[in-house]
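Report on one structure; see the data block that follows.
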């Protein structure tokens, strides 16, 4: 089973919410691993890709959309009371660079220090019709600082066909924003597919030799929809 990597670069601060807050600190906490390093769960990543896929299909001509919808069902699976969600795409959480994680693990820094070194807290409040802050609406939200890169390994449960890879590449290229407060300028990202290995000892050594597969995988989709 071939492993590939979905790489995500934060072009602006972003909040990938963990669904919880920390009393006395933040109302909205970000997803992070056991070390305190920011992450995006595999489930959240798949959800983002499925949403992009839906947007793409809705903008295709009916005949093209019907054909690519069958590809999407094979790739992502299908929901329904009698139909389990089984798709060929298997994607794990997106984490910080593996060599960085290994170095920080040996440093034994407290998890809170790890988290605070790569994040910041932003405070916001609602404004009423008079242009003044509404009472009791001040919220503290943690954001992951822009510039960070996250890496998610993925593979195909059954060998991905050319069209499935093409549609996945289209979804990845379409993925421009993620997380909370996207309408307020947060969560701008750039994503790509590479063959970069995520073993710590190999990661740094492939800095200048890994291959960006996104455009190559995307070509069959572009050729088909432009016919």
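For region 168-199, the set of residues classified as farther than 18 Å from residue 77 by Cβ, part of a helix (DSSP H, G or I) and modelled with pLDDT of 85 or more consists of 169, 173, 174, listed by residue number. Residues of region 124-139 include none that is modelled with pLDDT under 85 and in a helix (DSSP H, G or I). Considering the conditions (1) within 15 Å of the chain's Cα centre (by Cα); (2) not in a loop (DSSP other than H, G, I, E, B), residue 165 is excluded by exactly one of them, (1). Look at region 3-27: where a residue is more than 17 Å from residue 37 (Cα to Cα) and a partner is part of a loop (DSSP other than H, G, I, E, B) and at pLDDT 95 or above, sitting 6+ places away or on another chain with Cβ atoms under 8 Å, you get 4/213. Inclusion of residue 20 among residues that are assigned to a loop (DSSP other than H, G, I, E, B) and either surrounded by 14 or more Cβ atoms within 10 Å (Cβ to Cβ) or modelled with pLDDT under 95 (or both) is warranted.
Kindly evaluate residue 159 against the criterion of being modelled with pLDDT under 85 and either touching a helix residue (DSSP H, G or I) at 6+ places or on another chain (Cβ under 7 Å) or closer than 27 Å to residue 46 by Cα (or both). So that I can check it myself, show each step before the final result.
Details: modelled with pLDDT under 85: yes; either touching a helix residue (DSSP H, G or I) at 6+ places or on another chain (Cβ under 7 Å) or closer than 27 Å to residue 46 by Cα (or both): yes.
Here the answer is yes, as residue 159 does meet what is asked.
Checking the structure you have, find out if any residue of region 191-209 is over 18 Å from the mean Cα position of the chain (by Cα), free of Cβ contacts under 8 Å to residues at least 60 places away in the same chain and surrounded by 19 or more Cβ atoms within 10 Å (Cβ to Cβ). Among the residues of region 191-209, not one is over 18 Å from the mean Cα position of the chain (by Cα), free of Cβ contacts under 8 Å to residues at least 60 places away in the same chain and surrounded by 19 or more Cβ atoms within 10 Å (Cβ to Cβ), which makes the answer no.
The values are calculated or read from the model by the stated rules, or taken from the named source; none is laboratory data. Not measured: the values here are computed from a predicted model. Virtual Cβ from ideal backbone geometry, glycine too; neighbours counted across all protein chains shown.
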